[in-house]
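Below is one structure, written out as structure tokens; the observations come after it.
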Amino acid sequence: MSNFSIIHDATMQLRRSVFDALQNTADTDFGLSGDIDRITLGSPASELDDNVVASLYLYRFGINPALRNQPALPDRNDATLFHSPPLPLTLHFLFTPLLHDEPTNLLLLGRVLQHMHDEPVITTLNGQAIDDSHGGADMVLRRTPEELEAETLSGLWSAFNSTLRLAAFFKLETIAIASGLPPRQQSRTQLVTPVIGTKERQR
């Protein structure tokens, strides 16, 4: 079955992990009050409710070139069936604290960066192990902080039609969208390794 919902599921899992990290921070109240919707998935430049604490926004994606042109992947149960490789994506997120109190915004940012550093991988989605798309992807999702160049950073906030705000950028990879095509039958290619430099010894 094609896992086209993985972008949605990975984003929701990412928000859940950030929410839990902030909600369970000792001796600090970030004002979430147990409501995960206070971390919005909308743009930080959108018209937002006053109770929104932060924005976790998927602002672009890219294709992983190292996994883009994989060969057909063998089925683990039927040696004659092969699956089309998945589409490997890298998701780029922007986390923006949105409280009116800037000292608390700094604490929010620091806690989220600490959380990403301490727990750099996601191993389950919806309580299930991550599908490796017939061996075409890893069974974990890795989240890594990113540092944007000043020109790119300025251009992004200009696109939002908003003044620059302090925010954290990070990527989540590899998001493998499995092909929706059925497996096809083909014979496994037999590799023949020539033996060089040998000949029958004369008696």
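The values are calculated or read from the model by the stated rules, or taken from the named source; none is laboratory data. Here the structure is a predicted model, which means the values were calculated and not measured. Here Cβ is always computed from backbone atoms with ideal geometry, including for glycine, and neighbour counts include all displayed protein chains.
Cβ-Cβ below 7 Å, separation at least six or inter-chain, first residue in region 34-54 and assigned to a helix (DSSP H, G or I) and modelled with pLDDT of 90 or more, second of a type in the set (Phe, Trp, Tyr) and exposed (fewer than 14 other Cβ atoms within 10 Å of the Cβ): which pairs?
Going by the 7 Å Cβ cut-off, there are no qualifying pairs.
Of a type in the set (Lys, Arg), more than 16 Å from the chain's Cα centre (by Cα) and within 22 Å of LEU148 (Cβ to Cβ) - does that describe any residue in region 64-85?
No: region 64-85 contains no residue that is of a type in the set (Lys, Arg), more than 16 Å from the chain's Cα centre (by Cα) and within 22 Å of LEU148 (Cβ to Cβ).
Please specify each residue of region 105-132 satisfying the condition of being of a type in the set (S, T, N, Q) and either closer than 13 Å to THR25 by Cα or assigned to a loop (DSSP other than H, G, I, E, B) (or both).
GLN114, THR123, ASN126, listed by residue number.
Okay, residues lined up against (1) touching a strand residue (DSSP E or B) at 6+ places or on another chain (Cβ under 7 Å); (2) under 23 Å from LEU153 (Cβ atoms):
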residue	(1), (2)
SER5	no, no
GLN13	yes, no
SER46	no, yes
ASP49	no, no
ILE63	yes, yes
LEU73	yes, no
ASP78	no, no
PHE95	yes, yes
LEU98	yes, yes
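Residue-by-condition table, conditions (1) touching a residue at least 60 places away in the same chain (Cβ under 8 Å); (2) touching a Phe, Trp or Tyr at 6+ places or on another chain (Cβ under 7 Å):
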site: LEU81; (1), (2): yes, no
site: LEU89; (1), (2): yes, yes
site: HIS92; (1), (2): yes, yes
site: HIS100; (1), (2): no, no
site: LEU125; (1), (2): yes, no
